[in-house]
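Student: Sharing a structure with you now.
The values are calculated or read from the model by the stated rules, or taken from the named source; none is laboratory data. Computed from a predicted structure; not experimentally measured. For neighbour counting, all protein chains shown are included, and Cβ atoms are generated from backbone atoms with ideal geometry for every residue, glycine included.
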Amino acid sequence: MPRIVSGAVLCVGMAITAACASPPSRFYTLSPTAPSGAAASKLSVVVGPVSIPAIVDLPQIVVSAGPNQVSLDEFNRWASPLQNNISRVVAANLVVLLGTPRVSQFQQSLNADAEYRVAIEVQSFESAPGEAATLNAAWLVRRTRDGKTEAGRTTVREPANDKDYDALAAAHSRALGRMSQDIADAVRTLDRATP
């Protein structure tokens, strides 16, 4: 009889544990999207600092749930801090768009004498699964030699037709690709204006 009772207790304990088990977390990263084909150059660029709104400066993906409401998805997270993720992707895009391997991130830069520095202030980074990824960012490209600057803003809404988070991360990656193109154009404008 004690074996039956202990077996029943064990079964009930396992059932409770299984019911309380949470789904596994999934981790996402942004990826470079720039098309290749730029002519080779010797430009050197440092990307950063990059600032992001406090509301999305979290490991969890922050999802827009309405005009004045967001929710944190505990089981869908960024694989690295979003700020670093954005900086890494923009730097990788600029390598391709400018045709130079001499692009680095601000926090990892060994290239203190880079010709150009890019500062990015992300003002909104909105995620709506099944709808769109929205990016609104102001950026500044500064030529270090003489301090001449080109400022701009990129506002883009990329569709995320599937409701999964892979589609959302891909949409954010495309939005960053569009911003990277704007920044690359500004670097080229400054470079052509070199006396």
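Student: Could you list all residues from the stretch 41-56 that are loosely packed, with under 14 Cβ neighbours inside 10 Å and within 18 Å of Glu121 (Cβ to Cβ)?
Tutor: Scanning the stretch 41-56 gives Ala54, Ile55.
Student: Inspect the stretch 98-111 for any residue being assigned to a helix (DSSP H, G or I) and either surrounded by 21 or more Cβ atoms within 10 Å (Cβ to Cβ) or in contact (Cβ under 8 Å) with a residue 60 or more places away in the chain (or both) and give the result as yes or no.
Tutor: Yes; the residues of the stretch 98-111 include at least one that is assigned to a helix (DSSP H, G or I) and either surrounded by 21 or more Cβ atoms within 10 Å (Cβ to Cβ) or in contact (Cβ under 8 Å) with a residue 60 or more places away in the chain (or both).
Student: Go through the residues of the stretch 79-92 one by one and say whether even a single one is of a type outside the set (Asp, Glu) and touching a Lys or Arg at 6+ places or on another chain (Cβ under 9 Å).
Tutor: yes
Student: When residues of the stretch 93-113 are filtered for being modelled with pLDDT under 90 and more than 16 Å from the chain's Cα centre (by Cα), how many remain?
Tutor: Number of matching residues: 6.
Student: Still on this structure, please answer the following. May I ask you to verify whether Ala151 is over 23 Å from Leu72 (Cα atoms), of a type in the set (Gly, Ala, Ser) and surrounded by fewer than 17 Cβ atoms within 10 Å (Cβ to Cβ)?
Tutor: Yes; evaluated as a whole, the condition is true for this residue.
Student: Within the set of pairs 6 or more residues apart or between chains, which connect a residue that is farther than 15 Å from Thr134 by Cα inside the stretch 161-190 to a residue that is surrounded by 19 or more Cβ atoms within 10 Å (Cβ to Cβ) and acidic (Asp, Glu) with Cβ atoms less than 7 Å apart?
Tutor: Hits for this filter: Ala186/Glu150; Thr189/Glu150; Leu190/Glu150.
Student: May I ask you to list pairs of residues, at least six apart or on different chains, whose Cβ atoms are under 9 Å apart, with the first in the stretch 42-60 being closer than 30 Å to Asp113 by Cβ and the second being in a strand (DSSP E or B) and among the basic types (Lys, Arg)?
Tutor: Close Cβ pairs (under 9 Å, with a partner that is in a strand (DSSP E or B) and among the basic types (Lys, Arg)) amount to Val45/Arg117; Val46/Arg117; Val47/Arg117; Gly48/Arg117.
Residue by residue, here is whether (1) hydroxyl-bearing (Ser, Thr, Tyr); (2) assigned to a strand (DSSP E or B); (3) more than 21 Å from Ser51 (Cβ to Cβ) holds:
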residue: Asp113; (1), (2), (3): no, no, yes
residue: Ala133; (1), (2), (3): no, yes, no
residue: Ala137; (1), (2), (3): no, yes, no
residue: Thr154; (1), (2), (3): yes, yes, no
residue: Asp162; (1), (2), (3): no, no, yes
residue: Ala169; (1), (2), (3): no, no, no
residue: Leu176; (1), (2), (3): no, no, no
residue: Met179; (1), (2), (3): no, no, no
residue: Arg188; (1), (2), (3): no, no, yes
